[in-house]
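In what follows, a single structure is set out as structure tokens and then discussed.
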Amino acid sequence: MQAIEALLRRYSPRALKEPAPDDAALGLIFESATRAPDHGRLRPWRFIVIRSEDRARFGGLLADHLRRTKGSVSDETLERERLKAFRAPLIVAVAAVVSPDGKIPAIEQILSAGAAAQNMLHAAFALGFNAVWKTGGAAYDEQVKLALGLESKDCIVGFLYMGTDEEGPGSLPRPDWRKFVQSWSPTR
């Protein structure tokens, strides 16, 4: 697939099934991620892979976060939260390991991790898979970060759910890019 075709055709799928990217495809996806812009060559990216059986533990982490932050939550609601870990056969938590002591602002390090995540979405699509980027409150929670091996200063930019989409792009209209572009004319 040509790069421009992947950029123009990629979409966020509703549901993902097996097969997930195998180790070879995942290697290409991660290699694509490391081509993201990286001011200062800090390489702030961390990719935490959550595979098949580990999804149950990750689902427990999501449910625990909801229980801690929302107080009284029904068992049904907790189960729905737990099942989010099974949206796809593979999950990659994308994080920025932030170096606060330096000349590169934290926001640039976080944006670099976001660019890495975007590269991963396009690489997965170009390889015949698909992925959807999710966050939610758990992405910003200190205990979730610690459970994933990160520090509180670090930032989870998203959870990428990866697999194979059998449904296609659906019928959501694509936005017209012209609505987002404006010309700048400096005033004198």
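The values are calculated or read from the model by the stated rules, or taken from the named source; none is laboratory data. Predicted model, so just to flag it, every value in this text is computed and none were measured. We place every Cβ from the backbone using ideal geometry, glycine too, and count neighbours over all the protein chains shown. For the accessible areas, the whole protein counts, side chains as well, though only heavy atoms, and no ligand, DNA or RNA atoms are used. Shrake-Rupley method; radii C 1.70, N 1.55, O 1.52, S 1.80 Å.
Below 8 Å, C-alpha to C-alpha, sequence gap of six or more: please give me the relative contact order for region 1-90 in percent.
About 41 percent, as a whole number.
Based on the mean of other beta carbon atoms within 10 Å per residue, what is the order of 68-76, 7-15, most packed first?
7-15, 68-76
Out of (1) 33, 22, 15; (2) 27, 23, 18; (3) 37, 21, 17, which label holds the value of semi-axes √(5λ) of the Cα gyration tensor in Å that was computed here?
Given (1) 33, 22, 15; (2) 27, 23, 18; (3) 37, 21, 17, the structure-derived one carries the label (2).
For the chain, what % of the accessible area comes from carbon and sulfur atoms, probe 1.4 Å?
C and S atoms contribute 53 percent here.
Please compute the net charge surrounding L121, taking Lys and Arg as +1 and Asp and Glu as -1 over other residues with Cβ under 14 Å from its Cβ. Intermediate results must be reported in sequence, preceding the final value.
Numbers: positive: R9, R10, R35, K134; negative: D165.
With Lys, Arg at +1 and Asp, Glu at -1, the neighbours total +3.
Listed here are the pairs K103/K134; K84/K145; K70/K153; K17/K179; which of them are more than 28 Å apart at the Cα?
Violating the 28 Å Cα-Cα cut-off are K103/K134; K17/K179.
Calculate the dipole size of the chain relative to its Cα centre from +1 charges on Lys and Arg beta carbons and -1 charges on Asp and Glu beta carbons; express the result in debye to the nearest 20.
640
Could you derive backbone 3J(HN,Hα) for region 30-39 from the dihedral phi with the Karplus parameters 6.51, -1.76 and 1.60 (θ = phi - 60°), listing whole Hz in sequence and x where the residue is Gly or Pro?
5, 5, 4, 4, 6, 8, 5, x, 8, 4
For the chain, what does the accessible surface come to per residue with a 1.4 Å probe? Please give it in Å².
Per residue, the chain has an accessible area of 61 Å².
With the dipole of the chain worked out from charges on the C-beta (+1 for Lys and Arg, -1 for Asp and Glu) around the Cα centre, which of I110, L26, G136 lies farthest toward the positive end?
Value computed over the given set: I110.
Order the peptides 125-133, 153-161 from the highest to the lowest mean number of other Cβ atoms within 10 Å of their residues.
153-161, 125-133
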